[in-house]
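Student: Attaching a single structure in C-alpha cells format; questions to follow.
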Amino acid sequence: RQAPASTSARRGSERRAPPPSAALLDPKRAQNVTIAVSRVARKFDGDMDRLWASVAQLDARLGADDYERLRPALPSDGECAAVRAWLAATPGRDAASLGAAEHFVDAAGRAGDRAGLLDTALAVSGFDARLVAAESAAEAVLAAAAAVLDSGGLARALRHILAVGNAMNAGTARGRRS
C-alpha cells in the first residue's frame with residue numbers, strides 16, 4: 001500500500017525547500033560561533049562583511065564588549081581555508097549558501113589580520129577609560145607630592161638629618177654643610 005501523496009503534490013504544485021545552508025565547521029564550533037557573533041551581527045542586520053568593515057574602521061557602534069564577544073569566534077586559518085575552498089569548488093556558490101557561522105568565517109577570512117584588527121579595536125575602545133584612570137592616578141600622585149613638599153614635618157626631618165650628618169662629619173673637610 002502506498003503512502004498518500006502530500007497536499008501540495010495532490011494540487012500539482014512543485015514547492016521545493018530551500019537548499020540547506022552549508023555547514024563546514026564542526027557542529028559544536030558552529031553553534032558557539034553563531035552564539036558569540038549573533039548579538040554583534042544584529043547591529044549590521046547579519047551582514048558579516050559590514051561587521052568586519054566596522055571593526056576595521058573602529059566604528060563607534062562597537063564597544064569593548066562587542067570585540068570581546070567576537071574574540072572566541074575568531075576563525076583559524078584552517079577554517080577560513082576550508083570555507084574558501086568550498087566556495088571555490090563549485091561555480092555559482094556564494095556566501096548566501098553558507099550557514100551563519102561559516103558566513104562569519106568567510107567574512108573574517110577576507111578581513112585580513114582578524115586578530116590584529118580585534119586587538120587594535122579593543123585597545124582603542126578601552127583607551128578613554130584607561131586614560132581617565134591614568135589621569136586620576138596622576139592627580140593623586142601630584143597631590144601627595146604637593147602635600148609632602150608643603151609639609152612642615154618634612155622640613156624638620158630634613159633639618160635633623162642634616163644636623164646628624166654635620167655632627168658625623170665634624171672635624172673633616174665635609175663638616176658644616178648647610
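Student: Based on what the data block shows, is Arg61 modelled with pLDDT under 80, open to solvent by 40 Å² or more (accessible area, probe 1.4 Å) and of a type outside the set (Gly, Ala, Ser)?
Tutor: No; evaluated as a whole, the condition is false for this residue.
Student: Given the conditions (1) without any contact (Cβ under 8 Å) to a residue 12 or more places away in the chain; (2) not in a helix (DSSP H, G or I), which single one is not true for Ile35?
Tutor: Only one criterion is unmet by Ile35, namely (2).
Student: So, one more: Do we find a residue being without any contact (Cβ under 8 Å) to a residue 40 or more places away in the chain and over 30 Å from Arg61 (Cα atoms) anywhere in the range 116-127?
Tutor: no
Student: Give the range 87-106 a look and list any residue that's among the small types (Gly, Ala, Ser), within 16 Å of Ala36 (Cα to Cα) and either loosely packed, with under 10 Cβ neighbours inside 10 Å or in contact with a Lys or Arg (Cβ under 8 Å, 6 or more places away or on another chain) (or both), or say none.
Tutor: Ala101
Student: Could you pull out every one of the helices (runs of 4 or more DSSP H) wholly within the range 74-178 that has 1 or more residues that are out of contact with any Leu (no Cβ under 6 Å at 6 or more places or on another chain) and among the basic types (Lys, Arg)?
Tutor: Passing ranges, in order: 77-89, 100-110, 127-149, 152-168.
The values are calculated or read from the model by the stated rules, or taken from the named source; none is laboratory data. This structure is a prediction, so every number in the text was calculated from the model and none was measured. Note that each Cβ is placed from the backbone with ideal geometry, even for glycine, and that neighbours are counted across all protein chains shown. Areas reflect the complete protein model, heavy atoms only, side chains present, ligands, DNA and RNA absent. Shrake-Rupley method; radii C 1.70, N 1.55, O 1.52, S 1.80 Å.
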